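Scroll down for the structure; my scribbles are underneath it.
The values are calculated or read from the model by the stated rules, or taken from the named source; none is laboratory data. In this text, all values refer to a predicted model and were calculated from it rather than measured experimentally. Here the Cβ positions follow ideal geometry from the backbone for every residue, glycine too, while neighbour counts run over all protein chains shown. What goes into the accessible areas is simple: the full protein's heavy atoms, side chains included, and nothing from ligands, DNA or RNA. Shrake-Rupley method; radii C 1.70, N 1.55, O 1.52, S 1.80 Å.
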Amino acid sequence: MKQFLLSPKDIIWDKTNIAHISKHNLHPRQVDQLFLDPNRTFITAKKDRIAVMGRVGKRLIIVFLNADGKKYYVATARDMDKNEREYYRNNLV
């Protein structure tokens, strides 16, 4: 998938998605940092979502986004599972 020019200002946050990612021990600041990772990887996901994989500190996380016009709504964010980590490491730029 092509790289997107996404930045934290392109992300939509509300009480619902903030509460949801907190269940995965993530904070919006960490998701925002993901978009600064030069090795972030974009892939297509189910339900017409975009998945962004990357490193935030020592964590490898994946964020699923729904397109909403020119903005993107965070559907969920969590640590990568074993297969996702392998895919990410094998596709580093």
Ignoring any ligand, DNA or RNA, what whole percent of the accessible area of the chain comes from carbon and sulfur when the probe is 1.4 angstrom?
-> 52
Given a Förster distance of 25 Å, the FRET efficiency implied by the Cβ-Cβ spacing of THR16 and TYR87, rounded to the nearest 0.05, works out to 0.35
Compute the accessible area per residue over the chain, keeping the other protein chains in place, probe 1.4 Å, unit Å².
-> 64
Under the Karplus relation 6.51 cos²θ - 1.76 cosθ + 1.60, θ = phi - 60°, what is the ordered set of whole-Hz ³J(HN,Hα) values for the stretch 78-84, x standing for Gly and Pro?
-> 7, 5, 5, 7, 4, 5, 5
Towards the positive end of the charge dipole of the stretch 1-85, with charges on Cβ (+1 Lys, Arg; -1 Asp, Glu), say which of ASN39, ALA67, PRO8 has the farthest Cα.
-> ASN39
Using mean Cβ contacts within 10 Å as the protection proxy, how do 35-41, 64-70 order, highest first?
-> 35-41, 64-70
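Just how large is the dipole of the chain about the Cα centre, in debye to the nearest 20, putting +1 at every Lys and Arg Cβ and -1 at every Asp and Glu Cβ?
In total the dipole reaches around 100 debye.
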